[in-house]
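Take a look at the structure set out below.
The values are calculated or read from the model by the stated rules, or taken from the named source; none is laboratory data. Please read all numbers here as calculations on a predicted model, not as lab measurements. Positions of Cβ are backbone-derived with ideal geometry, glycine not excepted, and every protein chain shown enters the neighbour counts.
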Amino acid sequence: MTESAGHIIVVDDDPSLRQMLSGYLEGHSVPVKAASSGTELNRQLEGAEPGLIVLDIRLGQEDGLDLLRDIRASSDVPVIVMTGHRCDEVDRIVGLELGADDYLVKPFSPRELLARIRAVLRRQEMGRAARTRNPERGGYRFGGWRLERRGRRLLERDEARLNRLMIPKSD
């Protein structure tokens, strides 16, 4: 794990699973914090932003999808969602559409979770490095358009700049 990635937060209401995953990850040099509820997660998020969150969809009385929605409203921290409801395809689809970066169905091996954590963090780091190397290409593409954040330009498919677009500079 890269130093810039920060710690991982494991959110699950099952204390034995939380302890097992935390121990395994720490044994592989991944700094971990654990939370059993949305309230504990929110407390942890008030401090330093984590490098990644592993979030259970079923947290007792709480809905992990609601927590994921709240996370996405204020952060782009990578989230790996996990569930024990193997047959509920809808949860998996909704979780991914709400912004989860990956999805695991219980039971899974801690080794697989570690591999997925590393893969998600690697993809995030590669994206960050690509934007740093070529800031003009570090924008977004959608519907035939390209938005260059640093150059504050919106370009059409033929690379023609739209002259009337003014994107305010944020500080």
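So that you can scan it fast, the table gives a plain yes or no per residue for (1) within 24 Å of residue 118 (Cα to Cα); (2) of a type outside the set (A, V, I, L, M); (3) outside the structural domain of residue 38 (by TED's automatic domain parsing):
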{"residue": "55", "(1), (2), (3)": "yes, no, no"}
{"residue": "59", "(1), (2), (3)": "no, no, no"}
{"residue": "66", "(1), (2), (3)": "no, yes, no"}
{"residue": "72", "(1), (2), (3)": "yes, yes, no"}
{"residue": "75", "(1), (2), (3)": "yes, yes, no"}
{"residue": "80", "(1), (2), (3)": "yes, no, no"}
{"residue": "83", "(1), (2), (3)": "yes, yes, no"}
{"residue": "91", "(1), (2), (3)": "yes, yes, no"}
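Considering only residues in the stretch 1-11 that are modelled with pLDDT under 95 and in contact with a helix residue (DSSP H, G or I) (Cβ under 7 Å, 6 or more places away or on another chain), the one that is nearest to residue 29 (Cα to Cα) turns out to be 1. In the stretch 19-46, the residues that are small (Gly, Ala, Ser) form Cβ pairs under 6 Å with partners that are assigned to a loop (DSSP other than H, G, I, E, B), at six or more places apart or across chains, as follows: 36/13.
Restricted to the stretch 55-108, and to residues there that are among the small types (Gly, Ala, Ser) and touching a helix residue (DSSP H, G or I) at 6+ places or on another chain (Cβ under 9 Å), the residue that is surrounded by the fewest Cβ atoms within 10 Å (Cβ to Cβ) is 74. Could you look through the stretch 16-52, keep only residues that are in a helix (DSSP H, G or I) and touching a strand residue (DSSP E or B) at 6+ places or on another chain (Cβ under 6 Å), and pick out the one that is surrounded by the most Cβ atoms within 10 Å (Cβ to Cβ)? By that ranking, first place goes to 41.
Among the residues in the stretch 70-77, are any of a type in the set (Val, Ile, Thr), part of a helix (DSSP H, G or I) and in contact with a Leu (Cβ under 9 Å, 6 or more places away or on another chain)? Within the stretch 70-77, one or more residues are of a type in the set (Val, Ile, Thr), part of a helix (DSSP H, G or I) and in contact with a Leu (Cβ under 9 Å, 6 or more places away or on another chain). Within the stretch 126-146, not a single residue is at pLDDT 85 or above, closer than 23 Å to residue 48 by Cβ and in the same structural domain as residue 13 (by TED's automatic domain parsing).
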